[in-house]
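Take a look at the structure set out below.
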Amino acid sequence: MKNILRPALVLFLVLTLVTGVAYPLVVTGVVQSLFPSQAGGSLILRDGKPVGSALIGQNFSDPGHFWGRPSATGPMPYNAAASSGSNQGPLNPALVDAVKGRIEALKAADPGNTVPVPVDLVTASASGLDPHISPAAASYQAARVAKARGLAPEKVQGLVEQQTEKPLAGFLGESRVNVLKLNLALDALR
């Protein structure tokens, strides 16, 4: 028994040190040196202070700001500790009711807007934390935001176009707009 137990314990300790201590420290060191912003949470700073992350959405409800995708996290929106989708399928009456309610809220906030509501403004992402909306969703809101802030709609639309991120390498993914970055750029216009 001693012949088996001692090598097993030594191997257990060696593998614990290699895979549980050394490997994580090496990977953390490499990532922090090569990608410091991403390793630090992709924080967005304003006046040297963090105001959010480029990777996690925030809840904006003021008419003078762009609104992001609905969040499926609870008990509060964009709760990273509760990241998950709603798990409601397209035939679920609760999802249908939620989408109808969101469409009504968007129409009430901008009654003159006759453009069809982009789907990403009324449905949550799989994580419930998505910080991006489509350029169409940002453009849909531009007139409301411009009116609430007393700005020319063309100026707000120009800001949307300026803040639109193109697909990676020109073809991977879709164009998108980070709502927090857009709202910060909008606030900087003052």
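The values are calculated or read from the model by the stated rules, or taken from the named source; none is laboratory data. Just so you know, these numbers come straight off a predicted model, no measurement behind them. Note: ideal-geometry Cβ built from the backbone for every residue, glycine included; neighbour counts use all protein chains shown. Quick note on the areas: whole protein, heavy atoms, side chains included, nothing else; ligands and nucleic acids left out. Shrake-Rupley method; radii C 1.70, N 1.55, O 1.52, S 1.80 Å.
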With Cα atoms, 0 to 90° folded angle of helix 153-163 axis to the chain main axis:
20 degrees
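Excluding ligands, DNA and RNA, what is the solvent-accessible area per residue of the chain at a probe of 1.4 Å, expressed in Å²?
Per-residue value: 63 Å².
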What is the angle, in °, between the Cα long axis of helix 2-17 and the longest principal axis of the Cα atoms in the chain? Nearest 10 is fine, range 0 to 90.
30 degrees
Of K147, K49, K100, the most mobile residue in a GNM of the chain (C-alpha springs, cutoff 10 Å) is K49
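Rounded to the nearest 20 Debye, what is the dipole magnitude of the range 138-190 about its Cα centre when Lys and Arg each give +1 and Asp and Glu each give -1 at the C-beta?
220 debye
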GNM on the chain, Cα springs under 10 Å; top mean-square fluctuation among V115, V26, V145 goes to V26
Expressed as a whole percentage, what fraction of the accessible surface of the range 1-106 belongs to carbon and sulfur atoms when a 1.4 Å probe is rolled over the protein heavy atoms?
67 percent
Count of Lys pairs (Cα-Cα under 29 Å; at least 8 positions apart or interchain) in the chain
15
According to the square roots a ≥ b ≥ c of the eigenvalues of the Cα gyration tensor, what is the shape class of the chain, taking rounded for a/c under 1.5, prolate for a/b larger than b/c otherwise, and oblate for the remainder?
prolate
Average Cα contact separation per residue, the chain, under 8 Å, 6 or more apart, as relative contact order %
20 percent
Helix 23-34 vs. the chain, principal-axis angle (Cα, 0 to 90°, nearest 10):
40 degrees
Mind telling me which of T28, T123, T73 comes out most flexible in a GNM of the chain, alpha-carbon contacts under 10 Å?
T28
Chain lengthening between A109 and N92 when straightened (0.36 nm per residue, less Cα-Cα)
3.5 nm
Counting each DSSP H run of 4 or more residues in the chain as -39500 (n - 2.57), what helix-only mean residue ellipticity at 222 nm follows after dividing by all residues, to the nearest 500 deg cm²/dmol?
-14000 deg cm²/dmol
